[in-house]
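Participant: Structure incoming, see below.
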Amino acid sequence: MPTPMPANRNFYSPDVYQRLVQRYRGVAPDQERQQWLLLEAAHVVGQTRFGPHLQVHCLMLSLAWEKRMLREVLGQLFRIALVPLGHLLKRLPSGNSGRADISAFRAMAPSNEVRQVIAEAKAAKFPH
C-alpha cells in the first residue's frame, strides 16, 4: 500500500527526485510504460522546484521524441514553455502527471501507481 502523500502537496525531496531520475535512466528502452511511470513520479516530486520541473519535462520531451509520439512532443514543448511562467506566478497544479493527455493546469491526486513508485524511492527500494 502506498504511503499517503502529505496534505500540503509539497512532495519535493532532492534525494527522491534523483532516485527517480536515475531509475528512469536505467530502465530498458522497451519498458516504455515503466519509463513514463518514473517520469510522472519525478514530475510530481520535482514540480515545485524550477530546475527539476524543467528537467523532467525535457526528459519527457526526449522520451516522446524517441518513441515518435507527436502529440506528447507537442504537449511537452508547450509545458516547457509554461514552466517559467508557472513558477513565476506560483501556478503549479499539484499532483499533475506532466503528460500531454492531462491539462497542464489541472491539479490532481497522483495515481496509485505513481504514489507507489514515489514511496519506493522514499524507502530507497531502488538505488540512487
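Participant: So which residues in segment 80-128 are in contact (Cβ under 8 Å) with a residue 60 or more places away in the chain and among the β-branched types (Val, Ile, Thr)?
Facilitator: Within segment 80-128, Val114, Val117, Ile118 qualify.
Participant: Moving to a separate point now. If I filter segment 23-39 for residues that are among the acidic types (Asp, Glu), modelled with pLDDT of 95 or more and more than 13 Å from the chain's Cα centre (by Cα), do I get at least one hit?
Facilitator: yes
Participant: Ok, one more. Answer yes or no as to whether Ser97 is of a type in the set (Gly, Ala, Ser), closer than 21 Å to Arg23 by Cα and in contact with an Asp or Glu (Cβ under 6 Å, 6 or more places away or on another chain). Break it down stepwise before answering.
Facilitator: Numbers: of a type in the set (Gly, Ala, Ser): yes; closer than 21 Å to Arg23 by Cα: yes; in contact with an Asp or Glu (Cβ under 6 Å, 6 or more places away or on another chain): yes.
Spelling it out, Ser97 is indeed of a type in the set (Gly, Ala, Ser), closer than 21 Å to Arg23 by Cα and in contact with an Asp or Glu (Cβ under 6 Å, 6 or more places away or on another chain).
The values are calculated or read from the model by the stated rules, or taken from the named source; none is laboratory data. Worth saying up front: this structure is predicted, and the values here are computed from it rather than measured. Ideal geometry is used to build each Cβ from the backbone, glycine not excepted, and the neighbour counts take in all protein chains shown.
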